[in-house]
Amino acid sequence: MYQEVIMNTPEDIILISEKMIDDIKRNTNKKINDKIYVTLTDHISNLLERISMGIVFDSSLLWNVRALYPEEYGLAKSAVSLLSRHLDLKIPSDEANFIAIHIVNSEMNLDLQETVNITRTIDSVMHLITNEFKGIALIEDSLDYARFVLHLRYLLQRIIQNEALNSHKEDNMLKLLFKEYPKQGELVTKIVSVLSDKYKKEIAGERLFLMIHVIRLTTN
C-alpha cells in the first residue's frame, strides 16, 4: 500500500501530510504508529479528490469523536487548519472527526474499521448510562468521563487483540460495591452482557474496574 500511495499522490500532498503528522507527533505524548504516514496521506489525497468533485462524507456516525477523544480531536482540528492554510482551500470542519479517528487508530495499532467500531461501542455504553441515569448529565470534559472512556478504549483494544483480561469473578470489594450501589451494579451487569455478546468474550472479571468508573461517573 505504501508504494501505491507514494506513486499516486502528488508531492505537495505528501509533504503537507508529513508536516501534519510531524505536528501531531510533536504535540502528543502518546506513541503514534508510523503507518499513519501512509493512511493519513491516502486519506488527505482522497479528501481533496472528494472536495473537487463536490462529494461530502456523512460524519454523523462520528459525531461523538470530540467527546470521546478530545486530545486527538484537538490535534485533528489543528491539522485541518494547517491543510486549509497550505492549500488555500476551505476544508469541512467535520473532517476533524475523520482525522481524529486516524490518529486514534495509529495510537491503538488497529485497523481503521476496528477503531470506528470501538468508537461506536463506547458511544453505546455511554447511551446505556444516560438511559439508566436520566437525571444525571454526564460532563464530557470531566476527568471522570475521560478516565472511563480511556478505560473502555483500552479494554476493547485488549479484547480485539486477544490480550489477557482480568479473570477474577468475585471479591469482597465488588460484592460491597454492588450492595452499596445496586443501580450502578445493574448497569455494569448490562455493560458486561452487551460487550460479551458483541465480542464473544468472557469479561466478567472486568466488573470491578467498570463498577468503580461507573460509580465515579454517576455520583460526582
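The table for this structure:
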quantity: Helices (runs of 4 or more DSSP H) enclosed by the stretch 63-175 - at least 1 residues per element that are within 24 Å of E202 (Cβ to Cβ) and within 13 Å of the chain's Cα centre (by Cα); calculated: 95-108, 112-132, 143-160
quantity: Test: residue in the stretch 128-138 that is of a type in the set (A, V, I, L, M) and touching a Ser or Thr at 6+ places or on another chain (Cβ under 6 Å); calculated: yes
quantity: Which listed residue, of V149, V104, V80, is touching a residue at least 24 places away in the same chain (Cβ under 8 Å) and either surrounded by fewer than 19 Cβ atoms within 10 Å (Cβ to Cβ) or in the same structural domain as P10 (by the TED database) (or both); calculated: V104
quantity: Residues satisfying the stated conditions in the stretch 22-46, i.e. in a helix (DSSP H, G or I), under 13 Å from E72 (Cβ atoms) and out of contact with any Leu (no Cβ under 8 Å at 6 or more places or on another chain); calculated: K25, I36, L40
quantity: Residue within the stretch 55-70 that is modelled with pLDDT of 90 or more, out of contact with any strand residue (DSSP E or B) (no Cβ under 8 Å at 6 or more places or on another chain) and among the acidic types (D, E) present; calculated: no
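The values are calculated or read from the model by the stated rules, or taken from the named source; none is laboratory data. Keep in mind that this is a model prediction, so the values were computed, not measured. Don't worry about glycine lacking a Cβ; one is built from the backbone with ideal geometry, like all the others, and counts go over all protein chains shown.
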